[in-house]
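Step one of this worksheet: look at the structure below.
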């Protein structure tokens, strides 16, 4: 089998490529456009250790390029798709919604159409906890209504779930939409909270803390996300499903910063600010469906995960200095 992984050089994508190469005999074809949302050299480092591997290649290209995608499906004999590529981030999507609607929706449609044309065995795609908006009921269940997105990013992710169901209904392709809850860990994007806070604390700089630090988040360590993706990928009875992958525990921004202070051994300088438009008040995953159907077993409390992340960050900093 040959798996196409979109967004392969990114945070989650590179970890997923590592898993397949290390633990399976599958051939992996990645695609990533190495855009400037954050430093492209970071993405290149994420996959550098796989360069030249006989079962791996990553093609530089865009999911909006239908001709390129057609060639990849045809020439590489793609049999499965794990679609992680997207323009990410809630706040930037408010500033530039056009690119989010174009890439996330049209790019996903391109892939779904090719999956149908080439009759792939299964199609997994990344969704997001942001689709839940400011739902008052917690924890968030896959059965909850998600018709009130509060950012363009969330609206695109909800749209992609609808397109995925339509493709499954018409063409019977097994599809799963996986709602990730604030993923963190080694290789995390530098603008994401845990990475950003660790860096600013380390540099002795002020941390902007929105909603006065009262936001609650269900932070999910990347190893648990990979475990969940693989469990869904290996489910032989997959038809169409929506699955939450989180830790099912919440922590406030202020308490998260205290944890980072604990493991860095440094004090944070805080600048408390009001909430920003588009930011949800809390995320909190009901993972009972993932546990029951896919035997999902998250292993990382946020304390354990933050400790692991800080160790990784310090190691990377030491390598950079030397």
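Here are a few things to note about the model shown:
- Filter result for residue 308 (more than 29 Å from residue 155 (Cα to Cα) and surrounded by fewer than 22 Cβ atoms within 10 Å (Cβ to Cβ)): yes
- Hey, residue 299 touching a strand residue (DSSP E or B) at 6+ places or on another chain (Cβ under 9 Å), in a loop (DSSP other than H, G, I, E, B) and either crowded, with 20+ Cβ neighbours inside 10 Å or in contact (Cβ under 8 Å) with a residue 24 or more places away in the chain (or both) or not: yes
- Tallying residues that are in contact (Cβ under 8 Å) with a residue 12 or more places away in the chain, surrounded by fewer than 19 Cβ atoms within 10 Å (Cβ to Cβ) and in a loop (DSSP other than H, G, I, E, B) within segment 193-235 yields 4.
- Within this structure, residue 240 passes the test of being modelled with pLDDT of 95 or more, closer than 25 Å to residue 6 by Cβ and in contact with a helix residue (DSSP H, G or I) (Cβ under 6 Å, 6 or more places away or on another chain).
- Restricting segment 169-187 to residues that are surrounded by fewer than 21 Cβ atoms within 10 Å (Cβ to Cβ) and at negative phi, the residue that is nearest to the chain's Cα centre (by Cα): 186
- Taken over segment 274-296, the criterion of being at pLDDT 95 or above and in a loop (DSSP other than H, G, I, E, B) is satisfied by 283, 284, 286, 287, 295, 296.
- From the options 313, 233, residue that is touching a helix residue (DSSP H, G or I) at 6+ places or on another chain (Cβ under 7 Å) and over 24 Å from residue 151 (Cα atoms): 313
- In the condition set (1) surrounded by fewer than 20 Cβ atoms within 10 Å (Cβ to Cβ); (2) out of contact with any strand residue (DSSP E or B) (no Cβ under 9 Å at 6 or more places or on another chain); (3) assigned to a helix (DSSP H, G or I); (4) at pLDDT 95 or above, residue 254 is compliant with all but (2).
- Candidate set: segment 38-61, residues that are in contact (Cβ under 8 Å) with a residue 12 or more places away in the chain and part of a loop (DSSP other than H, G, I, E, B); chosen: the one surrounded by the most Cβ atoms within 10 Å (Cβ to Cβ): 61
- Residue 186 vs. criteria outside any helix (DSSP H, G or I) and free of Cβ contacts under 8 Å to residues at least 24 places away in the same chain: no
- Flag if residue 261 is touching a helix residue (DSSP H, G or I) at 6+ places or on another chain (Cβ under 8 Å), farther than 30 Å from residue 123 by Cα and at pLDDT 95 or above: yes
- Qualifying residue in segment 2-10 (condition: in contact (Cβ under 8 Å) with a residue 60 or more places away in the chain, in contact with a strand residue (DSSP E or B) (Cβ under 9 Å, 6 or more places away or on another chain) and surrounded by fewer than 18 Cβ atoms within 10 Å (Cβ to Cβ)): yes
- Lone unmet requirement of (1) modelled with pLDDT of 95 or more; (2) within 21 Å of residue 228 (Cα to Cα); (3) touching a helix residue (DSSP H, G or I) at 6+ places or on another chain (Cβ under 9 Å) for residue 88: (1)
- Residue 36 passes every criterion in (1) more than 20 Å from the chain's Cα centre (by Cα); (2) at pLDDT below 95 apart from (1).
- Any hit, segment 62-82, residues being modelled with pLDDT under 95, surrounded by 17 or more Cβ atoms within 10 Å (Cβ to Cβ) and either touching a strand residue (DSSP E or B) at 6+ places or on another chain (Cβ under 6 Å) or in a helix (DSSP H, G or I) (or both): no
The values are calculated or read from the model by the stated rules, or taken from the named source; none is laboratory data. Remember, it's a predicted structure, so these values are computed and weren't measured experimentally. Reconstructed Cβ throughout: ideal geometry from the backbone, glycine too, with neighbour counts over all protein chains shown.
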